[in-house]
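Visitor: I have a structure I would like to understand better, so I am pasting it below and will then ask my questions one at a time.
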Amino acid sequence: MSFTKHYLSEAAEILSQIDVAAIDRVIGKLQDVGRQGGRLFILGVGGSAANASHAVNDFRKICGIEAYCPTDNVSELTARTNDEGWETVFAQWLHGSRLNARDLVMVLSVGGGDLDRNISPNLVRALQYAKEVHATVVGIVGRDGGYTARVADACVIVPTVNNQTITPHSEAFQSVIWHLLVSHPALKSHATRWESAIAA
């Protein structure tokens, strides 16, 4: 089998294994935030940071949920990294944003954070802070979900079907899942452009 065909068959296998109930739990948490006028903060590193930026746009524009991600402000991100350190950059940003119990923190990550192996410690510290202030935590993560899966109120884990393609599938399915979330009738409040154009 060619690499292309094998990769696409892995994607189909992941789709067949995703925990639908976990996605529905995330939807419920997002509904709660909308009802109580809370904010959505989306955290990601690397490719997941790019996904976080895109997701913020969708949650704001399609769902009408006030949403932000710290990596959209490169000046503050680099200033905090320079002055306070990478490990605490997200936690301090959330503190400066006055994160509170009405808010929700969503983590997009391949591994979910692991302090022992010093992988995405900034995500771990951010979630520790979120728990301190009683904010809701959800995640869309790969592998075993790491720290995010252990502490989240709802978490979708992208199944691992090949140890050699964990990262690309995890980051690709973050996009699949958040697009599902913003398209769900329980959350979607504004029509998307092409769909409304076709309906006209």
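Visitor: Of a type outside the set (S, T, N, Q) and surrounded by fewer than 22 Cβ atoms within 10 Å (Cβ to Cβ): is that true of Gly28 in this structure?
Guide: For Gly28, the condition - of a type outside the set (S, T, N, Q) and surrounded by fewer than 22 Cβ atoms within 10 Å (Cβ to Cβ) - is met.
Visitor: Could you tell me which residue of segment 163-191 is nearest to Glu132 (Cα to Cα), considering only residues that are in contact (Cβ under 8 Å) with a residue 60 or more places away in the chain and loosely packed, with under 14 Cβ neighbours inside 10 Å?
Guide: Among those that are in contact (Cβ under 8 Å) with a residue 60 or more places away in the chain and loosely packed, with under 14 Cβ neighbours inside 10 Å, it is Ala186.
Visitor: Another question, if that's okay. Of the residues Arg125, Arg143, Arg102, which single one is in contact (Cβ under 8 Å) with a residue 12 or more places away in the chain, surrounded by fewer than 23 Cβ atoms within 10 Å (Cβ to Cβ) and either in contact with a Lys or Arg (Cβ under 8 Å, 6 or more places away or on another chain) or acidic (Asp, Glu) (or both)?
Guide: Within the list Arg125, Arg143, Arg102, the selection yields Arg102.
Visitor: Okay, moving on. Hey, any hits in segment 44-64 for a residue that's surrounded by 13 or more Cβ atoms within 10 Å (Cβ to Cβ), over 16 Å from Val138 (Cβ atoms) and among the β-branched types (Val, Ile, Thr)?
Guide: The answer is yes; a qualifying residue exists.
Visitor: Could you grab me the full set of residues in segment 105-122 that are free of Cβ contacts under 8 Å to residues at least 60 places away in the same chain and either surrounded by fewer than 24 Cβ atoms within 10 Å (Cβ to Cβ) or closer than 18 Å to Asp24 by Cα (or both)?
Guide: Passing the criteria: Gly111, Asp114, Leu115, Asp116, Arg117, Asn118, Ile119, Pro121.
Visitor: While we're on this one: Please return the ranges of helices (runs of 4 or more DSSP H) entirely within segment 1-65 where 1 or more residues are more than 20 Å from Val161 (Cα to Cα), at pLDDT 95 or above and among the acidic types (Asp, Glu).
Guide: Output list reads 20-35, 47-61.
Visitor: Considering only segment 72-86, state which residues are of a type outside the set (A, V, I, L, M) and part of a helix (DSSP H, G or I).
Guide: Scanning segment 72-86 gives Asp72, Ser75, Glu76, Thr78, Arg80, Thr81, Asn82, Asp83, Glu84, Trp86.
Visitor: List pairs: first residue in segment 1-26 and under 15 Å from Val141 (Cα atoms), second residue of a type in the set (S, T, N, Q) and at pLDDT 95 or above anywhere in the structure, Cβ distance under 9 angstrom, at least six positions apart or on different chains.
Guide: That search, which allows pairs on different chains as well, returns Ile14/Thr160.
Visitor: Being within 25 Å of Val182 (Cβ to Cβ), in a helix (DSSP H, G or I) and modelled with pLDDT of 95 or more narrows it down to one residue among Leu123, Leu108, Leu99; which is it?
Guide: It is Leu123.
The values are calculated or read from the model by the stated rules, or taken from the named source; none is laboratory data. In this text, all values refer to a predicted model and were calculated from it rather than measured experimentally. Positions of Cβ are backbone-derived with ideal geometry, glycine not excepted, and every protein chain shown enters the neighbour counts.
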